[in-house]
Amino acid sequence: ILTGRPPYTATTRDARYFQAVGGETGPALTRLDASGADPEVIALAKDCLAVNSADRPRDAAEVAARTRDYLASLEERRKAAEIARAEAQARAEEEAKRARVERSRRRRTLALAASVLALMTLAAGTAFWVYTQRQAQLARFERQLDRAIIFLEQAEQD
């Protein structure tokens, strides 16, 4: 079943009989090793093909028990794999959530920095405008003062 071929593959019935009587299981065991089946199943199949009857399972109940044990171990591995997959998914979701939070935090920080920069630029622009307005007002006042002084000087000369 595991290899898709019978254990004895001679071309004639008599040759197959002599392979079985002679215990020529080497080719069958090689095919089992190459079958890709789980090691537990391969070990059971090899035990069933053992040449010495003392090395084979005592009866079908022993084969059934080993098969049940193997199926139970498969179920345990499936459950463990399912748990591991769920844990990996939970870790991935948590990491994605952390990444979203970090991106949001960075965007808020950038927005805050941009707002502070805009306010500082506005404040600097306002201060510069106020300074230039005062300078212009001072220049107008100085011109008026100069005119008043000239006017007074002319009035004193008359």
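The values are calculated or read from the model by the stated rules, or taken from the named source; none is laboratory data. Everything numeric here is computed off the predicted structure, so don't read it as measured data. Cβ atoms come from the backbone with ideal geometry, glycine included; neighbour counts cover every protein chain shown. Note: areas computed on protein heavy atoms with side chains; ligands, DNA, RNA excluded. Shrake-Rupley method; radii C 1.70, N 1.55, O 1.52, S 1.80 Å.
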Problem set entry | Cross-chain or 6+ apart pairs with Cβ under 6 Å, region 17-46 first and more than 13 Å from R5 (Cα to Cα), then among the charged types (D, E, K, R) | L44/R66
Exercise. From the list Q89, Q137, Q133, Q154, which residue is more than 30 Å from Q19 (Cβ to Cβ) and at pLDDT below 95?
Worked result: Q154
Exercise. Taking region 1-18 on its own, how many of its residues are open to solvent by 70 Å² or more (accessible area, probe 1.4 Å), over 27 Å from A72 (Cα atoms) and either among the hydrophobic types (A, V, I, L, M, F, W, C) or at pLDDT 95 or above (or both)?
Worked result: 1
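This table checks each residue for (1) assigned to a helix (DSSP H, G or I); (2) out of contact with any Asp or Glu (no Cβ under 9 Å at 6 or more places or on another chain); (3) surrounded by 10 or more Cβ atoms within 10 Å (Cβ to Cβ); (4) of a type in the set (D, E).
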position: A20; (1), (2), (3), (4): yes, yes, yes, no
position: A37; (1), (2), (3), (4): no, yes, yes, no
position: A45; (1), (2), (3), (4): yes, yes, yes, no
position: V63; (1), (2), (3), (4): yes, no, yes, no
position: A72; (1), (2), (3), (4): yes, yes, yes, no
position: A80; (1), (2), (3), (4): yes, yes, yes, no
position: A84; (1), (2), (3), (4): yes, yes, yes, no
position: A88; (1), (2), (3), (4): yes, yes, yes, no
Exercise. Restricting attention to region 42-54, does a residue exist that is farther than 30 Å from Y8 by Cβ and at pLDDT 95 or above?
Worked result: no
Seminar exercise, completed: Looking across region 96-119 at residues that are charged (D, E, K, R) and open to solvent by 100 Å² or more (accessible area, probe 1.4 Å), the single one that is farthest from E40 (Cα to Cα) is R108
